[in-house]
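One structure is given here, and the rest of the page talks about it.
The values are calculated or read from the model by the stated rules, or taken from the named source; none is laboratory data. Please read these numbers as outputs of a predicted model, since none were measured by experiment. Every residue, glycine among them, receives a Cβ derived from its backbone with ideal geometry; neighbour counts consider all protein chains shown. When the accessible area is computed, the model is the full protein with side chains, heavy atoms only, and any ligands, DNA or RNA have been set aside. Shrake-Rupley method; radii C 1.70, N 1.55, O 1.52, S 1.80 Å.
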Amino acid sequence: MSTPTHFITQWKEPAPVVIPEALRQAIAGPDLLLETLVRRGFSDPDKARGFLYPDEYIPTSGLQLPGMEKAIARIRKALDAQEKIGIWGDFDVDGQTSTSILVGALRKLGADVSYHIPIRASEGHGILWEPLQTFLSSGVTLLITCDTGISANEPIAQAMQTGVDVIVTDHHTLPETLPAAFAIVDPQLVAEDHPLRTLSGSGVAYKVVEQLFFELGQPQAATEFVDLAAFGLIADVATLTQDARYLVQRGLQQMRNAPRPAFARIFSDNSVSPEQINEETISFTLAPRMNAVGRLSDANPMVEFLLTQDPVLIATTTNRIEGLNSERKLLCDQVFRGALAQIEQNPRVLDSSLLLLAHPGWPGGVVGIVASRMVELYHRPAILMNVAEGVARGSARSIDGVNVTQALVENKHLLNTFGGHPMAAGMATPEDNIDQLRRGLSRSVDRMMLEENVQPTLEVDAIINLPEIDLDLLDALNLLAPFGPGNPPLQFAAPDLELMEAMPIGKTKEHQKMIVQSRDGSQNSLLWWQSVELPRPLNRFDLLYKARINHFRNKTEVQFEWVDYRERLEESTATLQKRRKKNLVNLDMRNSANPLEDLEAIRAEQDVLIWAEGLANLPEGGKTRTELSKQATLVIWTQPPSPRILEEALQQVKPQKIYWFANQPVETELKELIRNCFRLVNSKLASQSERECDLNALAGSLATTPRIVWLALKGLQMQGQLSVTELEAGKIKLSLSKLPPAPGDLPALQQEMLALHRESTAYRELFTRTAVIAHLLPQSMKAD
């Protein structure tokens with residue numbers, strides 16, 4: 001089986017920041033800690049201290065959630081009247097912990113409470129009327145949903161009609177029409193910047209019981225359940241800002257100091273010591289085990305497991321969890337390899353901006369997990385679907401900037417059911433609709449990526465050689481934890497390394513231990529998770545990595561984790577000898593600290609032709625592609641947008657010596673490129689209403705390809721902003737005459753433009769990964 005492509009991502013290096021003196025006085029720590037606080041929006045000392053230290057954060061009242069006051073009043077009424085209260089949850093970890101919070105709190109208050117978590121295999125996501133009717137028949141008069149219900153309009157309406165009041169507590173994306181419930185408590189109803197906006201289901205459930213205990217005069221009683229809230233928030237990959245972060249901080253403290261019996265047993269069985277209990281061990285070691293229960297079996301016993309003190313029940317349940325987790329791992333591996341096989345057999349599925357794969361043999365309980373792995377490999381939203389009895393049911397995972405649930409909303413005419421939040425969703429569709437759904441969702445994703453200028457980007461927080469990372473530095477940086485969406489773990493770049501050895505590790509040999517060496521001969525080892533299918537660097541390279549404190553067998557040490565790499569622009573001696581045979585001298589100037597000064601020095605010694613394109617940061621005397629002529633020495637100042645344009649330029653110049661500065665043009669974002677295109681056209685038509693232009697010359701001015709410029713102009717024409725006519729020999733006629741919008745398939749045009757821009761961005765990124773001469777020179781100029 002061929003390996004997946006190692007997709008090219010841009011590295012975004014840290015912008016320089018100034019540390020305010022007040023911040024330096026308020027928080028003791030290394031400059032990197034303070035710089036990170038500033039970059040993440042915490043220049044104000046009070047806000048920074050509230051971010052770092054939970055004791056100094058002021059949590060937000062749950063009454064700021066619409067519907068909370070009404071919900072609490074109805075719960076108190078039920079408690080006073082000894083009504084039977086039913087809790088309806090969900091089978092993932094967020095649902096398990098949400099259900100446990102509500103059941104445990106209500107039991108603590110002496111309520112008559114029962115609960116139900118749907119069984120995935122027979123009931124699926126959400127709420128179906130038949131099992132709900134059975135659940136209510138036991139005498140429930142107040143139903144509280146948690147981590148579900150916001151889209152269950154029909155069953156909720158039926159329950160309300162039978163005299164059962166329904167309180168919906170959820171956090172998923174709001175439907176067009178809200179259910180006619182007695183009360184709805186959902187953080188999606190508040191503003192995007194509200195402190196409670198990013199709560200998951202367990203976070204919402206916690207705020208409900210917190211407010212309930214407060215009104216009953218027991219304000220400290222809710223803290224018993226903060227660990228469950230934290231566990232659910234982490235497992236659901238909630239954005240850890242403001243109150244969500246605060247709850248996770250508090251919950252982790254509780255788990256380390258006095259874990260509930262169920263957590264204590266799970267920690268012990270997985271050799272997790274108190275100092276190792278953090279968001280990472282929960283995300284990658286503990287939560288997947290609990291999720292396996294809901295995905296492959298019945299999650300209802302998990303409520304008693306999380307609430308009980310009985311060691312026998314805990315031991316029995318943990319054994320069951322481990323068995324199901326082993327099954328989950330096996331199924332995930334099978335589905336993952338099946339997905340890779342489909343891509344190998346039909347590589348064209350990667351032509352779309354959304355990856356959608358389906359198979360009748362894939363268990364529905366694990367397709368979401370594998371979809372997450374496909375997102376990591378292919379840097380695009382992914383959907384994996386199980387097909388059975390003519391219906392495809394699947395799970396979607398997304399990337400930042402693409403709201404996958406909104407994409408489903410835009411294609412709801414093709415779906416039976418769907419629901420979720422921006423980064424993850426579930427759906428069902430007739431099997432015959434799969435291809436149409438793939439096309440429709442890809443169009444939606446393309447539009448979102450165009451609007452948000454989404455490109456695979458990896459943040460670099462600091463450039464630090466591996467030996468410079470020590471325990472003291474990591475201990476200081478751990479003040480920034482817990483890490484997750486909204487507060488990602490720090491990533492560092494180490495330049496100019498050589499790969500010495502790569503050793504497969506782990507029970508299934510899916511991970512690798514990488515040994516790298518610096519120029520000074522020092523060596524370090526890193527772990528590269530799930531990497532055996534991925535290519536390794538062949539030349540010297542720059543490394544993007546993470547570092548953390550690892551506690552293992554009474555030993556504390558720094559552990560490095562491989563994130564990404566980019567090969568350096570260097571050539572072997574053999575390659576240079578081949579170049580001399582062709583009498584072509586290539587001089588790599590990409591690492592120049594002062595490129596303008598170096599360029600002036602080159603100019604002072606010899607006559608040069610400078611190829612430079614774009615609208616800003618260009619040296620004096622630079623020429624675009626249509627202005628080039630034969631010259632012995634060529635300076636490539638900006639990165640070409642395509643290999644064809646590079647080849648055409650070199651054929652025109654026929655240089656004997658090339659200085660490769662290859663700076664990235666300022667205008668690299670597609671939205672900015674389109675705006676610049678319109679500005680350029682306006683300037684050319686400032687003195688006359690109609691004008692003929694050379695399309696390639698326009699593209700050179702904008703540092704892009706003629707086809708992208710043509711599509712941008714056609715898009716502007718479709719929107720009624722100008723008129724463009726294609727003439728012969730690359731000429732076009734432009735007019736700013738006021739015209740009605742022109743007919744055309746704008747989404748299809750945008751999709752093509754986005755795809756071409758991605759190709760151009762990927763090609764330019766090759767200049768930071770591979771040896772320019774070895775891999776990017778046109779064939780006609782390479783040595784034999």
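Could you check, for the range 350-359, whether at least one of its residues is assigned to a helix (DSSP H, G or I) and either aromatic (Phe, Trp, Tyr) or out of contact with any Gly (no Cβ under 7 Å at 6 or more places or on another chain) (or both)? So that I can check it myself, show each step before the final result.
First, the residues of the range 350-359 that are assigned to a helix (DSSP H, G or I): 350-351.
Then keep just the ones that are either aromatic (Phe, Trp, Tyr) or out of contact with any Gly (no Cβ under 7 Å at 6 or more places or on another chain) (or both); that gives 350-351.
Scanning the range 350-359, I find at least one residue that is assigned to a helix (DSSP H, G or I) and either aromatic (Phe, Trp, Tyr) or out of contact with any Gly (no Cβ under 7 Å at 6 or more places or on another chain) (or both), so the answer is yes.
Among the listed residues 393, 348, 438, which satisfies the condition of being farther than 22 Å from residue 297 by Cα, at pLDDT 85 or above, open to solvent by 20 Å² or more (accessible area, probe 1.4 Å) and out of contact with any His (no Cβ under 8 Å at 6 or more places or on another chain)?
Values: 393 fails: farther than 22 Å from residue 297 by Cα; 348 fails: at pLDDT 85 or above.
Criteria check complete, one pass: 438.
For the range 646-676, filtered to residues that are of a type in the set (A, V, I, L, M) and open to solvent by 10 Å² or more (accessible area, probe 1.4 Å), the residue that is farthest from residue 610 (Cα to Cα) is 674. Residues in the range 129-149 that are surrounded by fewer than 16 Cβ atoms within 10 Å (Cβ to Cβ), in contact (Cβ under 8 Å) with a residue 12 or more places away in the chain and not hydroxyl-bearing (Ser, Thr, Tyr): 129, 133, 139. Selection of the range 330-345 for residues being under 20 Å from residue 366 (Cα atoms), open to solvent by 70 Å² or more (accessible area, probe 1.4 Å) and either over 30 Å from the mean Cα position of the chain (by Cα) or in contact (Cβ under 8 Å) with a residue 60 or more places away in the chain (or both) yields only 337. Of a type in the set (Lys, Arg), open to solvent by less than 70 Å² (accessible area, probe 1.4 Å) and at pLDDT 90 or above: which single residue out of 625, 590 fits that description? Of the residues listed, the single one that is of a type in the set (Lys, Arg), open to solvent by less than 70 Å² (accessible area, probe 1.4 Å) and at pLDDT 90 or above is 625.
Here residue 750 clears all of (1) over 30 Å from residue 441 (Cα atoms); (2) assigned to a helix (DSSP H, G or I) except the condition numbered (1).
Determine, yes or no, whether residue 419 is open to solvent by less than 60 Å² (accessible area, probe 1.4 Å), of a type outside the set (Asp, Glu) and touching a residue at least 40 places away in the same chain (Cβ under 8 Å). Taking the combined requirement at face value, the residue satisfies it.
Of the residues 711, 716, 722, the single one that is farther than 21 Å from residue 616 by Cα, open to solvent by less than 60 Å² (accessible area, probe 1.4 Å) and at pLDDT below 85 is 722. Of all the numbered requirements in (1) among the β-branched types (Val, Ile, Thr); (2) in contact with a helix residue (DSSP H, G or I) (Cβ under 7 Å, 6 or more places away or on another chain); (3) open to solvent by 10 Å² or more (accessible area, probe 1.4 Å); (4) without any contact (Cβ under 8 Å) to a residue 40 or more places away in the chain, residue 166 misses one, and that requirement is (3).
For the range 478-492, what are the residues that are of a type in the set (Gly, Ala, Ser) and either at pLDDT 95 or above or part of a loop (DSSP other than H, G, I, E, B) (or both)? Don't jump to the end; show me each part of the working.
Applying the first criterion (of a type in the set (Gly, Ala, Ser)) to the range 478-492 yields 481, 484, 486.
Those that are of a type in the set (Gly, Ala, Ser) and either at pLDDT 95 or above or part of a loop (DSSP other than H, G, I, E, B) (or both): 481, 486.
Exactly one residue out of 322, 376 is out of contact with any Cys (no Cβ under 9 Å at 6 or more places or on another chain), open to solvent by 70 Å² or more (accessible area, probe 1.4 Å) and among the charged types (D, E, K, R): that is 376. Select the helices (runs of 4 or more DSSP H) contained entirely in the range 618-736, then report the ones holding at least 2 residues which are in contact with a strand residue (DSSP E or B) (Cβ under 7 Å, 6 or more places away or on another chain) and closer than 26 Å to residue 746 by Cβ. It comes to 670-684, 706-718.
For the range 508-552, enumerate the residues that are assigned to a loop (DSSP other than H, G, I, E, B) and under 29 Å from residue 327 (Cβ atoms).
Quick first cut of the range 508-552, residues assigned to a loop (DSSP other than H, G, I, E, B) only: 508-510, 518-522, 529-540.
Once the filter is applied, which keeps residues that are assigned to a loop (DSSP other than H, G, I, E, B) and under 29 Å from residue 327 (Cβ atoms), the range 508-552 yields 508, 509, 510, 529, 530, 531, 532, 533, 534.
Summed over the range 498-531, residues that are within 19 Å of residue 373 (Cα to Cα), open to solvent by 70 Å² or more (accessible area, probe 1.4 Å) and hydrophobic (A, V, I, L, M, F, W, C) total 1.
Restricting to helices (runs of 4 or more DSSP H) lying wholly in the range 176-282: which have 1 or more residues that are open to solvent by less than 60 Å² (accessible area, probe 1.4 Å), under 17 Å from residue 63 (Cα atoms) and of a type in the set (S, T, N, Q)? Don't jump to the end; show me each part of the working.
Values: elements: 201-215, 226-235, 242-257, 261-269.
Because the criterion is at least 1 residues that are open to solvent by less than 60 Å² (accessible area, probe 1.4 Å), under 17 Å from residue 63 (Cα atoms) and of a type in the set (S, T, N, Q), the helices (runs of 4 or more DSSP H) in the range 176-282 that meet it are 201-215.
Restricting attention to the range 296-310, the residues that are open to solvent by 30 Å² or more (accessible area, probe 1.4 Å), part of a helix (DSSP H, G or I) and under 18 Å from residue 100 (Cα atoms) total 3.
Among the residues of the range 317-349, those that are charged (D, E, K, R) and either under 30 Å from residue 450 (Cβ atoms) or part of a loop (DSSP other than H, G, I, E, B) (or both) comprise 344, 348.
Taken as a whole, the range 363-381 holds no residue that is within 29 Å of residue 260 (Cβ to Cβ) and among the charged types (D, E, K, R).
Could you tell me which residue of the range 142-174 is farthest from residue 197 (Cα to Cα), considering only residues that are part of a strand (DSSP E or B) and among the polar types (S, T, N, Q)? Talk me through it step by step, then tell me what you get.
Pass one, the range 142-174, residues part of a strand (DSSP E or B): 142-146, 165-169.
Checking which are among the polar types (S, T, N, Q) leaves us with 145, 169.
Numbers: 145: 18, 169: 13 Å.
Among residues in the range 142-174 that are part of a strand (DSSP E or B) and among the polar types (S, T, N, Q), the one farthest from residue 197 (Cα to Cα) is 145.
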